[in-house]
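Data first, discussion second: the structure below is written as structure tokens.
The values are calculated or read from the model by the stated rules, or taken from the named source; none is laboratory data. This is a predicted model, so every value here is computed, not measured. Keep in mind that these areas ignore ligands, DNA and RNA; they rest on the heavy atoms of the full protein, side chains included. Shrake-Rupley method; radii C 1.70, N 1.55, O 1.52, S 1.80 Å.
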Amino acid sequence: MSKIKVKQVRSAIKRTQVQKRTLEALGLRRIGHVVEHDATPNILGMINKVKHLVSTEEA
């Protein structure tokens, strides 16, 4: 399984509750925070929901 690094680049302030919960589920807490996940369909779907708030790269 490939790994993917997710970095929060924009704030969650003034975002919908669903987007805030998605960031929380990904383990992101603040701007600049980086987490590493397996590239499963569930994780990729969550990243797609908040793609305007995060950046991704292969690990």
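For the chain, compute Rh as the Kirkwood radius over C-alpha pairs and then the Stokes-Einstein diffusion coefficient at 4 °C and 1.567 mPa s; write the answer in µm²/s, rounded to an integer.
Values: Rh = 11.2 Å.
Reported coefficient: 115 µm²/s.
Taking all protein chains in place and a 1.4 Å probe, what share, in percent, of the accessible surface of the chain do carbon and sulfur account for? After summing per-atom areas, the C and S share lands at 50 percent.
Over the chain, average the accessible area per residue using a 1.4 Å probe and give it in Å², no decimals. Working shown, then result.
Numbers: 4180 Å² over 59 residues.
About 71 Å² of surface per residue is accessible.
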